[in-house]
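The values are calculated or read from the model by the stated rules, or taken from the named source; none is laboratory data. Predicted, not measured: the structure shown is a model, and the values here were computed from it. Don't worry about glycine lacking a Cβ; one is built from the backbone with ideal geometry, like all the others, and counts go over all protein chains shown. Heavy atoms of the whole protein, side chains included, go into the accessibility calculation; ligands, DNA and RNA do not. Shrake-Rupley method; radii C 1.70, N 1.55, O 1.52, S 1.80 Å.
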Amino acid sequence: MYQTYGLLDKIGDLLIKQGKLQPNQLERALSHQDKMQNRIGEILISLGFISEEDLLRALSEQLSLSIYTPDPDDEFLPLEISPMFHREHPFALIKRRREDQNILLLGDPLDEDIFSAAEIVFPFSFEIQIALETHLKKLVDQHYGLAIENTEAEELPVDDADIDKLKDMASEAPVIKYVNNLIDTAVSRRASDIHMEPYEDGLLIRFRIDGILHDHEIPPASMQPAIISRTKLLAALDIAERRLPQDGKISMRISGKEIDLRVATLPTVHGEGLVIRILEKGNIILDMDHLGMPSQVEENFKELITLPDGIILVTGPTGSGKTTTLYCALNQINSGNNKIITIEDPVEYQLHGINQIQVRPEIELTFAKGLRSIVRQDPDVIMIGEIRDLETAEIAVQSSLTGHTVFSTLHTNDAVSAIYRMIDIGVERFLLVSSLRGILAQRLVRRICDSCKEQRGPISELLGYKPGGEDFNMYEGKGCPDCSGSGYSGRIGLYEFLVMDDAINRAISKEYDLIELRKVAEEQGFKTMFADGLEKVKRGITTFSEVVRVCRGTESGTV
């Protein structure tokens with residue numbers, strides 16, 4: 001009445017033949033399979049090499065099975081089986097009256113438990129068809145009433161029994177294997193963050209790669225609470241606390257690399273969300289020559305960071321590489337004959353020869369309180385993770401006026417706006433003129449993949465105009481295995497650097513508005529991030545669309 005399918009062509013070879021997979025990707029997935037014992041199709045999807053649809057079509061060809069196409073007249077027949085078994089092994093039995101056909105609908109045609117159940121439950125013949133597992137689960141929930149039971153099972157009260165159950169679930173081998181594989185996959189795909197976002201229909205998992213979020217596989221609903229609990233346990237967080245945000249840290253070794261993971265939880269209406277920040281200890285190169293600054297910007301910046309006093313600000317949105325730039329600056333001046341102290345939230349990388357302090361609001365160790373103590377430690381250089389309020393700004397200004405070099409970050413769109421942000425916080429203009437030495441604004445754009453970069457033609461033909469008034473050839477990545485088909489690999493910065501010279505300081509003192517001050521800066525030779533972006537497009541480093549994407553919303557983003 002049924003058959004279990006022996007493998008004909010290997011699924012990996014079939015996917016290569018269909019053009020959905022590269023041989024080197026299959027080799028990489030097979031090496032993961034040796035460690036994880038998962039099916040090769042699951043590993044290929046988790047690594048992002050193929051989609052669920054690709055695997056479904058390959059299985060259809062491999063096993064000579066039809067892919068299910070919904071029909072409005074389909075009748076889902078009742079099943080006399082355990083709901084628990086049905087949730088763990090989803091399938092459906094369909095009567096297609098128009099063709100007088102019985103269909104056994106599966107997501108996993110290699111699940112022998114379903115065929116064992118079919119032999120007992122179904123007294124008639126049927127045709128086997130396959131569907132996407134996520135689609136099948138929705139059909140099973142909809143037609144067999146499992147969704148309500150599932151939801152009730154996951155909404156557990158917070159008591160001792162619940163905590164023990166979550167700990168037990170989080171310690172089960174499949175959960176441990178899943179979380180380890182998730183982190184391993186994220187690291188191998190060069191992800192900077194893992195996002196776990198709970199929604200009504202499941203836990204959405206996404207990787208941020210080169211600044212862009214990419215969907216990952218959705219884990220089984222039964223594992224979702226355990227996945228969150230497992231991650232919280234690794235980060236030494238309280239798994240019983242689901243109402244308040246928590247922060248933690250995990251240190252682990254993956255494929256010979258030392259990895260630090262920063263875990264942050266956030267309660268939402270559908271449960272706890274998690275973001276895991278991935279920091280590779282040996283992967284950061286603290287050399288300013290690798291940042292991609294324009295030569296003049298790099299020269300001016302290196303000159304200012306060696307001054308004996310004054311404030312240097314680095315501005316930009318979250319994730320624009322501000323902290324890395326500051327670390328490079330500190331590493332540049334860390335000569336051993338000066339004392340450098342930082343106060344950060346969090347301390348992302350530990351630097352040899354530098355005293356680093358972690359902000360801890362729970363014990364009232366804030367930026368302002370920490371700064372007061374730092375000044376009494378006789379430092380030469382102070383780095384403040386971020387200026388957020390007037391108290392912190394005032395201490396930074398006073399420190400710079402008493403012979404300290406102060407580095408900090410600020411959240412503004414561009415360099416010139418940072419001046420008005422400091423004024424809005426409450427810093428007096430005359431104090432800014434006396435203390436501020438320079439402002440570096442930056443964004444990160446994706447680099448074109450060197451393995452598949454190709455020339456596209458003159459920018460004037462592709463856009464219909466010449467941005468910046470100059471015509472040049474553009475390059476793009478067509479997509480290859482090295483970049484997972486995206487056409488991009490890695491990122492580089494776009495920069496603009498405002499040096500506080502006499503003309504700028506006079507304009508601040510005379511209370512020029514933003515537009516007037518920007519005009520003065522341009523007269524002094526100030527170049528915008530957009531201009532730097534165009535230069536990197538011209539050199540074939542990035543694409544024009546990337547430059548527009550990251551500069552949009554800044555004053556320099558107009559074309």
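DSSP loop GluC sites (Glu not before Pro) in the stretch 62-142 with at most 12 other Cβ atoms within 10 Å of their Cβ, which ones? Of the GluC sites (Glu not before Pro), the ones in loops of the stretch 62-142 whose Cβ has at most 12 other Cβ atoms within 10 Å are GLU80. Computed from the Cα positions only, the extents of the chain along the three principal axes stand at 91, 64, 42 Å, in decreasing order.
Ordered by solvent-accessible area of protein heavy atoms (1.4 Å probe), largest first, the residues HIS86, HIS290 come out as HIS290, HIS86. Using the Cβ of ILE384 as centre and a radius below 14 Å, the other residues enclosed give a net charge of -2, where K and R count +1 and D and E count -1. If both residues of a DSSP beta bridge must be in the chain, then about 65% of such bridges are antiparallel. Compared with the alpha-carbon gap, the fully stretched path from ASP201 to GLU258 is longer by 17.0 nm at 0.36 nm per residue.
Enumerate by residue number the trypsin sites (Lys or Arg not before Pro) in the stretch 483-550 meeting two conditions: DSSP loop (anything except H, G, I, E, B), and at most 14 other Cβ atoms within 10 Å of the site's Cβ.
Of the trypsin sites (Lys or Arg not before Pro), the ones in loops of the stretch 483-550 whose Cβ has at most 14 other Cβ atoms within 10 Å are LYS510, ARG539.
For the chain, the Cys residues with no second cysteine's beta carbon closer than 4.7 Å are CYS328, CYS551.
Using a cut-off of 30 Å between Cα atoms, the listed pairs LYS10/LYS95; LYS302/LYS478; LYS302/LYS453; LYS232/LYS322; LYS95/LYS177 include LYS10/LYS95; LYS302/LYS478; LYS302/LYS453; LYS95/LYS177 as exceeding that distance. Within the shell of other residues whose beta carbon sits under 12 angstrom from the beta carbon of ARG437, the net charge comes to -3, with Lys and Arg scored +1 and Asp and Glu -1. When the chymotrypsin sites (Phe, Trp or Tyr not before Pro) in the stretch 305-403 are filtered for DSSP coil states and for at most 14 other beta-carbon atoms within 10 Å of their beta-carbon, no site remains. With each label modelled as a point 7 angstrom along the Cα→C-beta vector, the ARG98-ASN24 pair spans 4.7 nm.
Taking R0 as 30 Å, what FRET efficiency do you get between ALA503 and LEU390 from their Cβ-Cβ distance, rounded to the nearest 0.05?
For ALA503 and LEU390, the calculated efficiency is 0.65.
For SER460, neighbours were defined as the other residues whose beta-carbon sits under 13 Å from its Cβ, and their charges (Lys and Arg +1, Asp and Glu -1) total 0.
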